[in-house]
Amino acid sequence: MNGLSVAGAGRIDSSAGLNQESEPIPSSRHSILSRKIAVHPMKQPTLLCVVAHPDDETFGAAGILIHAIAAGMKAVTICATRGEAGEIMERSNATPETLAAVRELEYRRAGQIMGVSESILLDYRDSGMPGTPENEDSAAFINQSREQVIDDIARVMDSVRPEIVLTAEPGGGYGHPDHIFASQCAIAAFERARENESNSGWAPQKLYYFTFPRSQMRKFFDEMKRSDPESGLAQLDPDEFGTPDEEITLTLDVSPHIDQIQEAFAAHLSQLSPLERVSDELSNEFIGQASLVRVFPEPDASSFEQDILDGLG
Ligand SMILES: [Zn+2]
């Protein structure tokens, strides 16, 4: 269950495969390049986003991906599962039997809308929400060997050589075990690539979490309490979601991309987007701003970033 399937997303020449930008640099130039500059001058800076389910890359990181692509980066996504344990919206003609295939298509379509170069799927099974029978399935993502998943991610990393790695915050947004596991494995693959730099001559430069500020999550739950006080969502504690505002290290204004972000959200037709639950005003506030936590290099007061591309090349 560790085969890779590459969902070519329009912009890439599939005959070129995954290795098109990773031709080895002669070793005599390695040390000079990796010490003095972060990005090979001939290489398009690349962002690799690692998530668990189709829609996580969109609902969690569409603004960041579109922003990075608009700024000249190449973006690649890895999704660990096809999200086959998800609920199905009535408007979709998916069935429990077809949901995996439908969500794979939705993932590819959203990637195309965002301008993602490669939408890669790992062949794991969605583990479902905590406490559901899907958790026990031997094929479930959370029941796979951590080393195997890290190997899968590392293989893609070695191939696309991203300067930036992006994944879900360690709490997985709302505690979904697949989100947490995907995030942990992405972090481990990032660390391994850093440790291997002397052998490989290459290492990713920055690691970020995508997240939402807790102040926004409070607004979300306040609206839930007003509009649907009996719903399960209205009963949840906002302080268990998102990231305390003061821990967010970078906020991007992605409001110029709101239409494109909404189009990508709409590609996940079989799923209920969080934006569908709230007013247009709050929806635009949510998607018009992207929030990140830089994990590596650890931020300090003297290296205040303005943009995700800061420090590259
Ligand atoms: Zn998810």
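Every read-out reported here was derived from the displayed coordinates using simple, explicitly stated rules and does not represent laboratory data. Model, not experiment: these values are computed from the prediction. When we count neighbours, we look across all protein chains shown, and the Cβ atoms used for this are built from the backbone with ideal geometry, even at glycine.
Three principal axis extents describe the C-alpha atoms of the chain; from largest down they are 66, 45, 32 Å. Under the simplified labelling scheme, the ARG192-ALA71 pair shows an inter-label distance of 2.8 nm, with each label point 7 Å from Cα along Cα→Cβ.
Annotation: peptides 54-61, 201-208, 115-122, ranked by per-residue average of other Cβ atoms within 10 Å with the highest first, follow the order 54-61, 115-122, 201-208.
Against the chain, whose longest principal axis comes from its Cα atoms, helix 27-36 is set at around 60 degrees. Look at where the Cα atoms of segment 265-313 and of segment 175-228 average out, and the two centres are 11 Å apart. In loop segments of segment 198-247 as defined by DSSP, the GluC sites (Glu not before Pro) with at most 10 further C-beta atoms inside 10 Å of their C-beta are GLU230.
Taking amide hydrogens as placed 1.01 Å from N in the peptide plane, the amide H of THR243 sits under 5 Å from those of PHE212, ARG214, each at least 5 positions away in sequence or on another chain. Taking amide H as placed 1.01 Å from N in the peptide plane, the amide H of LEU166 sits under 5 Å from that of LEU48, CYS49, VAL50, TYR208, each at least 5 places away or on another chain. Listed values for segment 44-59 are Karplus-derived 3J(HN,Hα) couplings in whole Hz (6.51 cos²θ - 1.76 cosθ + 1.60, θ = phi - 60°), namely 5, x, 10, 10, 10, 10, 10, 9, 9, 10, x, 4, 4, 5, 8, 4, and x replaces Gly and Pro. Summary value for segment 58-106: 27 percent relative contact order, contacts being C-alpha pairs under 8 angstrom separated by 6+ residues. Spatial offset of segment 106-136 relative to segment 84-100 amounts to 13 Å, using the alpha carbon center of each.
For segment 253-313, just say rounded, prolate or oblate: build the C-alpha gyration tensor, square-root its eigenvalues into a ≥ b ≥ c, call rounded for a/c under 1.5, and beyond that prolate if a/b exceeds b/c, oblate if not. In terms of gyration-tensor shape, prolate.
Helix 99-114 and the long axis of the chain differ in direction by around 60°, with both axes built from C-alpha atoms. The label-point distance for SER231 and ARG146, in a model that sets each label 7 Å from Cα toward Cβ, rounds to 3.6 nm. The angle between the Cα long axis of helix 146-160 and the main principal axis of the chain comes to about 60°, on a 0 to 90 degree scale. Each residue of segment 259-271 was assigned a 3J(HN,Hα) from its phi angle through the Karplus curve 6.51 cos²θ - 1.76 cosθ + 1.60 (θ = phi - 60°); the sequence is 4, 5, 5, 5, 5, 5, 4, 5, 5, 8, 4, 6, 10 Hz, with glycine and proline shown as x. Please turn the phi angles of segment 163-177 into ³J(HN,Hα) values with the Karplus equation 6.51 cos²θ - 1.76 cosθ + 1.60 (θ = phi - 60°), one per residue in order, whole Hz, x for glycine and proline. For segment 163-177, the Karplus-derived couplings read 6, 10, 10, 10, 8, 5, 4, x, x, x, x, 9, x, 5, x Hz, x marking Gly and Pro.
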